[in-house]
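Undergrad: Right, I'll just put the structure down here and ask away after.
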Amino acid sequence: MDQYKVVGRIGEGAHGLVLRGQRLGTGQEIALKRVLLKKLEDGIPTTVIREIKALQEVDCEYVVQLLDVFPQGLGFVLVFEFMPSGLWEMLRDAENPLTVPQMKAYMIMLLKGVAYLHEHSIMHRDLKPANLLISRDGVLKIADLGLGRMFWAEQNRPYSHQVATRWYRAPELLYGARYYTEAVDLWAVGCILGELLTCSPLFPGETDIEQLAIVLRTLGTPTAETWPGMTELPDFNKITFPETRGVSWDQIFPDCVPEAVDLVKKFLVYNGDRRLKAKQALVHPYFFTLPLPCQLSGMPKPVDGHRHQFKVKEYDIEKPVDELFSDLKGMLTS
Ligand code: ADP
Ligand code: MG
């Protein structure tokens, strides 16, 4: 821990503060995130340690690298490579709108990261633009695996269903599924692609019920055929929605080429088993039709402070760093 110093504040996520730092000696830029241990009944520290170990072993260009971990108070401080911006900010940068080749390149990087995680039995469970960070050289990397948990195909383990941020949450989670698969990430990928294509979130529900209502209204009422097992989901009988045939894909994506619409369509499938896998998506015609995905050299290179042009709220509350992360005070330079 005395290898690092805190140089600023990046933001505040759902799980605590993220601070900006530097590795002493090398000057390497890092981000420090504190995670608190869940309540003891949610998991004994050995499982937490096992999860952190697994995160440390993740080695993929498209997943933010966990460089170091040390215990701190009632939790841990995770040390990550520093990422100057994110897809959330890129989508809000009206002065520099993304081009189609750039969107395709971001999708490829996202899919490669997701394919890697799923190959290594890790489901992310909270994929959304705010958790996709952009490096200085323009590489998109998946971040915030804090909610991720190792999953085992053979074992039926119940998971907490309040996982993904609502707009990107798969319908099985909205119906309270306790047993689900990495297919929840592929639903989120479909929502992210839809958002890239239309420049606005696909299913922006303000409550969990409205979320389900928007999805059903758009995609049509699921049937026993399109979604086997739906009626057995815990919350299925708690609420009924009016029968609807949904909206046509061309209406949802009026200005998009057919390859793009076809790709989204293959992710936004009620039956999780039938959603397109990340690896399969990488060979979809969308990525091989003109205009082709952008090379890394043509990708936006976020400058320092790019993030903060868009996240006004965080900068309104200026507090000295030592107050924000008081028990890390020892790390602050005088
Ligand atoms: P939470 O679980 O609280 O959402 P995140 O890991 O998503 O935590 O971090 C919250 C925010 O902090 C991110 O949306 C991003 O803006 C910023 N952040 C997280 N990790 C990094 C990093 N490695 N480099 C730069 N900023 C980061
Ligand atoms: Mg996050």
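Each reported figure results from applying straightforward, stated rules to the coordinates on display, with no laboratory input. All of these numbers come straight from a predicted model, not from anything done at the bench. As a convention, Cβ positions derive from the backbone with ideal geometry for all residues, glycine included, and neighbour counts pool all protein chains shown.
Undergrad: Under a 5 Å amide H to amide H cut-off, with H placed in plane at 1.01 Å, what residues pair with Leu67 once short-range neighbours are removed?
TA: Val79, Phe80, Glu81
Undergrad: Moving to a separate point now. Rule-of-thumb check for segment 85-298: C-alpha Rg over 2.2 N^0.38 Å?
TA: Output field value: 0.99.
Undergrad: Here's something else I'd like to know. By count of other Cβ within 10 Å, fewest leading, how are Met83, Met230, Met123 ordered?
TA: Starting with the residue having the fewest Cβ neighbours, the order is Met230, Met83, Met123.
Undergrad: Can you list residues whose amide H is under 5 Å from Gly11's amide H, if they're 5+ apart or on another chain and H is modeled 1.01 Å from N?
TA: The list, which skips near neighbours in sequence, is Val18.
Undergrad: For segment 85-298, build the charge dipole from Cβ charges (+1 Lys, Arg; -1 Asp, Glu) around the Cα centre, then report which of Leu197, Ala213, His120 sits farthest towards its positive end.
TA: Positive-end residue among those listed: His120.
Undergrad: Convert each backbone phi in segment 234-243 into a coupling constant with the Karplus relation 6.51 cos²θ - 1.76 cosθ + 1.60 (shift: θ = phi - 60°), then list the ³J(HN,Hα) values in order as whole Hz, x for Gly and Pro.
TA: Once θ is set to phi - 60°, the couplings for segment 234-243 become x, 9, 4, 7, 6, 8, 10, 10, x, 4 Hz.
Undergrad: Which order, highest average first, do 2-12, 235-245 follow once you tally other Cβ atoms within 10 Å for each residue and take the mean per peptide?
TA: Highest mean packing first, the order is 2-12, 235-245.
Undergrad: Once amide H atoms are built 1.01 Å from N in the peptide plane, which residues 5 or more positions from Gly246, or in another chain, come under 5 Å H to H?
TA: The list, which skips near neighbours in sequence, is Gly220, Thr221.
Undergrad: Which value, in debye to the nearest 20, describes the size of the charge dipole of segment 85-298 about its Cα centre when Lys and Arg Cβ atoms bear +1, Asp and Glu Cβ atoms bear -1, and nothing else is charged?
TA: With only Lys, Arg, Asp and Glu charged at Cβ, the dipole is about 360 debye.
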